[in-house]
1. Any chance you could tell me what percent of the C-alpha pair distances in segment B:1-110 go past 22 Å?
2. Looking only at B:THR106, B:THR394, B:THR23, which one moves most when chain B is put into a Gaussian network model with springs between Cα atoms under 10 Å?
3. Among A:ILE36, A:GLY159, A:TYR408, which residue has its Cα furthest toward the positive end of the charge dipole of chain A, with +1 on Lys/Arg Cβ and -1 on Asp/Glu Cβ?
4. State which stretch of chain B is the longest one without any exposed GluC sites (Glu not before Pro), exposure meaning a DSSP loop state and at most 14 other Cβ atoms within 10 Å.
5. Please check: in the Gaussian network model of chain A (C-alpha springs, under 10 Å), which one of A:VAL186, A:VAL321, A:VAL57 has the largest mean-square fluctuation.
6. For segment A:204-329, take N as its residue count and report Rg(C-alpha) divided by 2.2 N^0.38 Å.
7. Mind checking the angle between helix B:401-414 and chain B's longest principal axis? C-alpha axes, 0 to 90 degrees, to the nearest 10.
8. Sort all Cα-Cα distances of chain A into consecutive 10 angstrom bins from zero, then give the percent of pairs in each bin up to the one containing the longest distance.
There are 2 protein chains.
Amino acid sequence: MLNFDRSFDFQMTQTEKTKINETFKALKEEMSSDEIGYYKLPQSSQEIIKKVEALHVEDFSQIVIIGIGGSSLGIKAVDQILRPYTKNAKEILYLENSDPVSINLTLKKIKKEKALFFVISKSGGTIETTSIFKTVIHYCSLDLNGDDKNRIFAITDSGSALSDFAKGYEITQFNIPLNVGGRFSVLSAVGVAPLMMAGFDMSSVLRGAGDFIERFFGGSETHLLEKAYYLNSKSKETPINVLFSYADRLENFTKWFVQLWAESLGKIDTNGSHVGLTPVGLIGAVDQHSFLQLVIEGTRDKTVTFIKIEDFKDDLKIPDVTLKNIEKTNFINGKTFNTLINAQCDATMQSLIDAKVSTDIITLDFVSPQNIGALIAYFELLTSAAGVMMHINTYNQPGVELGKQILYKNLQMES
Amino acid sequence: MLNFDRSFDFQMTQTEKTKINETFKALKEEMSSDEIGYYKLPQSSQEIIKKVEALHVEDFSQIVIIGIGGSSLGIKAVDQILRPYTKNAKEILYLENSDPVSINLTLKKIKKEKALFFVISKSGGTIETTSIFKTVIHYCSLDLNGDDKNRIFAITDSGSALSDFAKGYEITQFNIPLNVGGRFSVLSAVGVAPLMMAGFDMSSVLRGAGDFIERFFGGSETHLLEKAYYLNSKSKETPINVLFSYADRLENFTKWFVQLWAESLGKIDTNGSHVGLTPVGLIGAVDQHSFLQLVIEGTRDKTVTFIKIEDFKDDLKIPDVTLKNIEKTNFINGKTFNTLINAQCDATMQSLIDAKVSTDIITLDFVSPQNIGALIAYFELLTSAAGVMMHINTYNQPGVELGKQILYKNLQMES
């Protein structure tokens, strides 16, 4: 279960109610018209579950993901947070970046005979992914015309170059619905197929997301629309939105959120203005010793959303050790780290409230596939709602095209 | 060697020249009066080098760091970037956060008989560090009254509770100069002792930093003062400063920078105003698929500094593999990943320049201890210069005290 609470004042006037209702309608329209597909992934991805179940791949101990951005961030997020709670999950290696040092290090970790390879690219033409995939084929001497093709899976849009490649070699492919963008694709084949193969309970992740989306469209999670309204209405005063997660293993989740928020909302709006809200991902209690000073005493241009896990289900007691000359630290003895980290979260939130920084908090009763599914759905819906209010296209990313063109021009001129 | 280049226009008027000269004088004064100690660490830490050399600790294969914030970020930064270039570096484990899942996972990796333990806290009273240290003592059954004390090292201010503890058990301690703050302490015993024990060439790191600081005070790196001036003068228009490093292994370095910049510059100034510049750490090419859209099309409130490594010295060629139906990707064959990632860096920078975003770039000819030392010194000096111009105390962090008080109150009331 997810609980939501907030410290910021929010008195709804008629104007605000109208705007919120309009946004709700616009999202319903996006969903029911099938213009935007992620809302229905909890249902449509049941097909992916069945397809994976039917695969009967045996004798593997490792999964190698070749993908970047929307084709890896969501997988890494779910992997990291659920792994301590998932028995016998297979190892997953990630080949993302075009950094030669990273690629060399990761290649050495591949157990060729025990690995499954997922090459993931929505467009099918991502340069890092293509370059790394070729390198893996060469390094592992994969024979695409022989049995090796049974250990390779492509996840891509139907009709893409990568899809044509898979057809050419009769490699199993999973398709991403065309109306689902990369950063909204974690609950499509992109996340479901490899994570399920690795042993994660993706049916429950989908159920958690589906239930949350259903509650939202049923009108029971309106706090989300109010928050989107608040963040957008304060975009001049507080253009920076901090996500402060009190759990190390939510670090990849915060990176997933950063992509979702930055790439969706950083846009030129229908009036031709540059708009956007800047996400910052922090981890508590570590970043109390880093970024927190800036939030409290620096320019008051930030809101802060906390994520807290009530019960880590893997607790550890601070032992009853007395150390010479620091006996005064004994007050901590016998407490648990679960208590400590959550007391730190509470104290930090209270100090921000005292400093009049707008805060809100999402509390998970514990980490479960359902809760993580709901958390994913929450942030996706929040992003869509903010996008409607900002009068932008939430789902494209035209700004990065110029860099790609320059890159291709430079690389081809060189060859 | 570090090379610096920038795209932003900067015509110096007399006012600007005066301000820059005043800042230069103020920094010289901080240094020569010994008010601020980090400037002289490249010299004063020679003593730490000698002390470590004299230790003759043998038969260990692992170093366990117990520390958080300024007591771990710098160590992790140097460790991560230099490790692929350092032969036989010992494994380092980090126990930082009060997250029970992390602590449990890391405890299991400790090889008790082969580990050295560094407990690091400038103030000596950090709650995470104390709690974890007690847990490690208990978990590893360390006998502080027996031989085990020879495998424990304390790094702290002289006169701190942790220092008294070390004295009480005759545990070797290294002291941090009192005029060196936690986030400026990586070149003090905090970084030098454990990293040198692990096998990193800290003498060369210190030399690289020392040479850079000498060149700066000799008047040869004035571009740094100009940049500090520029960033501060544009703090209203572009309050967000992005550090975009094109190398996976600079991720911890960007986290170190984020602490340095955020905690140093997020302050109430001498006029009582909340001021600050917000750092964001990105990794290229990965974050081209995430945050870049926001920088290019979103609100134009960001500057971007690139870090590029000219020669990774660990290159990898994209093999001459032709894949059915995607033969058009063959243009990449035969190029190296070193070429690709740097072409991506150049193309991204060019696209930002075209979008009129202020950018600059730091190019390392390659990764070496000297270059990393210089890079550390560069960002420390830049931070100090910006602090002078912002009329703040760069070196304290009063804002986080309230949260600590609330925490202690809550925890003690509970007990």
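Quick note: the coordinates plus some simple rules give every number you see, no bench work behind them. The structure displayed is predicted, hence computed values, not measured ones. Backbone-built Cβ (ideal geometry, glycine too); neighbour counts: all protein chains shown.
1. Numbers: 3671 of 5995 pairs.
Of the Cα pairs, 61 percent sit more than 22 Å apart.
2. Fluctuation is largest for B:THR106.
3. A:TYR408
4. On the way: sites that count: B:GLU35, B:GLU58, B:GLU170, B:GLU237.
That would be B:238-415.
5. Comparing A:VAL186, A:VAL321, A:VAL57 in the GNM, the peak value goes to A:VAL321.
6. Values: Rg = 19.2 Å, N = 126, 2.2 N^0.38 = 13.8 Å.
With N residues counted in segment A:204-329, Rg over 2.2 N^0.38 Å equals 1.39.
7. 40 degrees
8. The distribution over chain A is 4, 20, 29, 25, 15, 5, 1, 0, given as percents.
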